[in-house]
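Sharing a structure with you now.
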Amino acid sequence: MEVGEYIEHFSTLVELERGEQMRLHEDEMRRLSGREREEKGRALLNMRGKSQGLGLGGKYMVRFTKQNRTELPECEIEVGDLVLVSKPGTAPWDEGNPTGTVAEKTAYSIMIAFDDMPPGFVFRKNVRIDLFVNDITFQRMLGALKRFKQLPRKRKDKLLGKAEPEFDAIPAVEFFNDSLNASQREAVKKSLATRDFLLIHGPPGTGKTITCVEVIAQLVSRGYRVLAAADSNVAVDNLVERLDRIGLKVVRIGHPARVIPALRRRSLDYLVQDEREYIGARELRERAYGIKEQMRESTLPEMRWRRGLSDDEIAKLAEEGKTTRGIPKDKIAGMKRWIDLKHEVDRLFRDARALEERAVSRILKNAQVICVTNSTAGSELLKSEKFEFAVIDEATQSTEPSTLIPILKAKRVIMAGDHKQLPPTVLNEEAVRGSLSKSLFERLIELYGDRIRVMLEVQYRMNEEIAEFPNREFYDGKLKAAEYVKRRTIADLIPSLSTLAFIKADKPLIFIDTAYDNTGLFEERKRWGSTSRENEGEARLVKAIAERLLDAGIRAEDIAVISPYDDQVALIRMLLDVEGLEIKTVDGFQGREKEVVIVSFVRSNKSGDIGFLRDLRRLNVSITRAKRKLIMIGNSRTLEREACYRRLIALVKSRTGYMTQEALNIDSL
């Protein structure tokens, strides 16, 4: 593509995805009653707010509880989410209903941070809170695409595949982390040599983030200030934790509500609190909020009282004690008082911002590493900041326009990721067809291959039998298991395996085949109104296996149950309620690991339709989460319509880990 085509192409795709996400949320809010939204976990009804005053970053904090003080229902609204807070009798999207960010959540309350003092209704009865879309991320992507045009011609050409990326001579390196393996060391050295960009390809468990941390430490030791980014807050926090541990001066920028409590001391909003300018700014803000309360007692200069008068005309009439156009004198005096107070509030906020900006600027200049999400890299805070290097972790989980945001802040870029795992989540089908779900990392690999890529080759997660299939299928057989993980099994976790004989306790890799069941219990089904799938037989089998594992002494925290389908996850959660045992979608478990993982594939039908299981990256994620034991449950007759699943089941059979559902002899289904 030419530059103009590139910008227009991705701007169109971003707008499509933005519209899709807004539409889905608004459609559901319009289509479903508040009660139905609450049942789906995307709204909270009958809430009442209580002011908690100013919090980190000058945010106005309000704690919401149920009016009857009962526990909150289970819901998807989590810390860091953007929510709509609506007045009784109005639609959530109506003007005047504010948005806020969830700062804290407990069993009985939810704390919301507002940029400004919220309207008075939030402190009354029957307030509604809805999960919503954060539009600022889309605006920053569009802004990055516009700024792409301003890059030097040479740099644009390299990103568009029209010129070869360049490297300096590989430098001598004294490593801070002595435990790095040969491929990790190569990645570090080549990162230091890049003049444009380098891709660190890290298959599951190969230590991408550890490698990124060493790269950053090496850059800092050479006098560079580094921008470290990732698409998700979880990935950014992981970087912050590791960088802080090795003693670097790290500043985490982002909404305080989205930073895990243990790392908030490294957040900008925390660090700035001790700055004298910030303390002064906070005092000014508190005075401003106090004056805003006084404004409620004055006459708002709305149309029915202003009647076309300017602020200056109102002030003059009030000073002369005159009236005009039938406006009572007390209303003119009240409007003047409101206007005077408003001017004072504006001045106080303006002065507070200036003080804060000075304090923030000093902290950022003293930082060795600034850590942000891709989106936050485009915030006003970093508008004037430039870096020699940006290091972007989990780069294959972000869309190209999202990755562009931090890239535009730096001259040289190191990206780490794995394009063989799940791509960025994109909901709009036209945007998917237009390649918005293809990461920049993947596109650059297609353009330049091994000239700009270093693959990490030692995995530290999986027993070698669990790793065998994904290694062969997705990584050209290049992956090697570290010695200490090669042969580890669940036998290391419990004193006796006798109670687990029913699932071949000595085998790390198991496939339980439900194809030969004649009861119909293991047929997939769709709930009314849902596009997802569930399989009751598999869900009950998961429950029985998990309970046997727990009875044998495996800790709940060491077990995960994953499935590609939301409805199956919901069904299993209903059947298996064990504290500490995680039950998630495959997509939601990417980047995670557990000692034991149970996978429910769900699809079971006579037509052999496996739906989005055809995306083999989803299979790769599914089977690379387990350290010691992987238990897969599925219908071989359905799954084997896809050759990759056929090869997987054949391998399990060759390793004698195959068994049928009947062979389990579980009567409780």
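Which is of a type in the set (A, V, I, L, M, F, W, C) and in contact with a His (Cβ under 7 Å, 6 or more places away or on another chain), of 441, 469, 474?
441
Which is under 20 Å from residue 631 (Cα atoms) and in contact with a strand residue (DSSP E or B) (Cβ under 8 Å, 6 or more places away or on another chain), of 506, 492, 517? Explain how you work it out, then say what you get.
Working: 506 fails: in contact with a strand residue (DSSP E or B) (Cβ under 8 Å, 6 or more places away or on another chain); 517 fails: in contact with a strand residue (DSSP E or B) (Cβ under 8 Å, 6 or more places away or on another chain).
Step by step, each of 506, 492, 517 is checked, and only 492 is under 20 Å from residue 631 (Cα atoms) and in contact with a strand residue (DSSP E or B) (Cβ under 8 Å, 6 or more places away or on another chain).
Still on this structure, I have one more. Would you check if there is a residue in region 161-180 being touching an Asp or Glu at 6+ places or on another chain (Cβ under 9 Å), surrounded by fewer than 23 Cβ atoms within 10 Å (Cβ to Cβ) and in a helix (DSSP H, G or I)?
no
Let me ask something else. For residues that are free of Cβ contacts under 8 Å to residues at least 12 places away in the same chain and within 27 Å of residue 117 (Cα to Cα), tally how many sit in region 313-339.
Of the residues in that region, 0 qualify.
Which residues, counting only those in region 596-636, are part of a loop (DSSP other than H, G, I, E, B), closer than 26 Å to residue 208 by Cβ and in contact with an Asp or Glu (Cβ under 9 Å, 6 or more places away or on another chain)? Give the derivation first.
Of region 596-636, the ones part of a loop (DSSP other than H, G, I, E, B) are 601-610, 615, 623-625, 635.
Among the residues that remain, those that are also closer than 26 Å to residue 208 by Cβ are: 615, 623-625.
Of everything in region 596-636, those that are part of a loop (DSSP other than H, G, I, E, B), closer than 26 Å to residue 208 by Cβ and in contact with an Asp or Glu (Cβ under 9 Å, 6 or more places away or on another chain) turn out to be 624, 625.
For residues in region 108-145 being in a loop (DSSP other than H, G, I, E, B) and polar (S, T, N, Q), which is most open to solvent (accessible area, probe 1.4 Å)?
The selected residue is 126.
Which of the helices (runs of 4 or more DSSP H) found entirely inside region 360-468 contain at least 2 residues meeting this: touching a residue at least 12 places away in the same chain (Cβ under 8 Å) and open to solvent by 20 Å² or more (accessible area, probe 1.4 Å)? Steps first, answer last, please.
On the way: elements: 400-407, 429-433, 440-448.
Answer list for region 360-468: 440-448.
If you go through region 28-38 one residue at a time, how many are surrounded by 14 or more Cβ atoms within 10 Å (Cβ to Cβ), in contact (Cβ under 8 Å) with a residue 24 or more places away in the chain and either of a type outside the set (A, V, I, L, M, F, W, C) or farther than 14 Å from residue 77 by Cβ (or both)? Give the derivation first.
Here is the first cut: in region 28-38, the residues surrounded by 14 or more Cβ atoms within 10 Å (Cβ to Cβ) are 28-29, 32, 34, 37-38.
Next, only the ones that are in contact (Cβ under 8 Å) with a residue 24 or more places away in the chain stay: 29, 34, 37-38.
Subset that is either of a type outside the set (A, V, I, L, M, F, W, C) or farther than 14 Å from residue 77 by Cβ (or both): 34, 37-38.
Going through region 28-38 one residue at a time, the tally reaches 3.
Additional query: Looking at this structure, is residue 106 among the hydroxyl-bearing types (Ser, Thr, Tyr) and either farther than 27 Å from residue 401 by Cα or in contact with a Phe, Trp or Tyr (Cβ under 7 Å, 6 or more places away or on another chain) (or both)?
Yes.
Can you pull out the residues in region 511-570 that are more than 21 Å from residue 660 (Cα to Cα), in contact with a Ser or Thr (Cβ under 7 Å, 6 or more places away or on another chain) and hydroxyl-bearing (Ser, Thr, Tyr)?
Residue satisfying the conditions is 565 alone.
I want to confirm something. Restricting to region 37-63 and keeping residues that are in a helix (DSSP H, G or I) and touching a helix residue (DSSP H, G or I) at 6+ places or on another chain (Cβ under 9 Å), which single residue is modelled with the highest pLDDT?
Here is the first cut: in region 37-63, the ones in a helix (DSSP H, G or I) are 37-39, 56-58.
Applying the additional criterion that residues be touching a helix residue (DSSP H, G or I) at 6+ places or on another chain (Cβ under 9 Å) yields 37, 56-58.
Values: 37: 88, 56: 65, 57: 68, 58: 73.
Ranking the qualifying residues of region 37-63, first place goes to 37.
Would you check if residue 53 is loosely packed, with under 15 Cβ neighbours inside 10 Å and at positive phi?
Yes, satisfied.
Output the residue which, of all residues in region 264-276 that are open to solvent by less than 40 Å² (accessible area, probe 1.4 Å) and touching a strand residue (DSSP E or B) at 6+ places or on another chain (Cβ under 6 Å), is farthest from residue 393 (Cα to Cα).
Selected residue: 268.
Here is a further query. So in region 244-260, with the set limited to residues that are within 22 Å of residue 411 (Cα to Cα) and in contact with a Cys (Cβ under 9 Å, 6 or more places away or on another chain), which one is surrounded by the fewest Cβ atoms within 10 Å (Cβ to Cβ)?
Filtering region 244-260 for residues that are within 22 Å of residue 411 (Cα to Cα) and in contact with a Cys (Cβ under 9 Å, 6 or more places away or on another chain), the one surrounded by the fewest Cβ atoms within 10 Å (Cβ to Cβ) comes out as 251.
Something else: If I filter region 498-514 for residues that are open to solvent by 10 Å² or more (accessible area, probe 1.4 Å) and in contact with a Pro (Cβ under 7 Å, 6 or more places away or on another chain), do I get at least one hit?
no
Look through region 277-295, keep the residues that are open to solvent by 30 Å² or more (accessible area, probe 1.4 Å) and free of Cβ contacts under 8 Å to residues at least 60 places away in the same chain, and return whichever of them is nearest to the chain's Cα centre (by Cα).
Selected residue: 279.
Additional query: Can you find a residue that is closer than 20 Å to residue 622 by Cα and aromatic (Phe, Trp, Tyr) anywhere in region 475-491?
yes
Do you know which residues across region 560-595 are assigned to a strand (DSSP E or B), touching a helix residue (DSSP H, G or I) at 6+ places or on another chain (Cβ under 6 Å) and open to solvent by less than 20 Å² (accessible area, probe 1.4 Å)?
Within region 560-595, 561, 562, 563, 583 meet the criteria.
Looking at region 333-352 only, could you name the residues that are within 23 Å of residue 269 (Cα to Cα) and loosely packed, with under 14 Cβ neighbours inside 10 Å?
Correct list: 346, 347, 350.
The values are calculated or read from the model by the stated rules, or taken from the named source; none is laboratory data. Here the structure is a predicted model, which is why all the values come from computation and not from measurement. Positions of Cβ are generated from backbone atoms using ideal geometry, with glycine treated the same way; all protein chains shown enter the neighbour counts. Areas reflect the complete protein model, heavy atoms only, side chains present, ligands, DNA and RNA absent. Shrake-Rupley method; radii C 1.70, N 1.55, O 1.52, S 1.80 Å.
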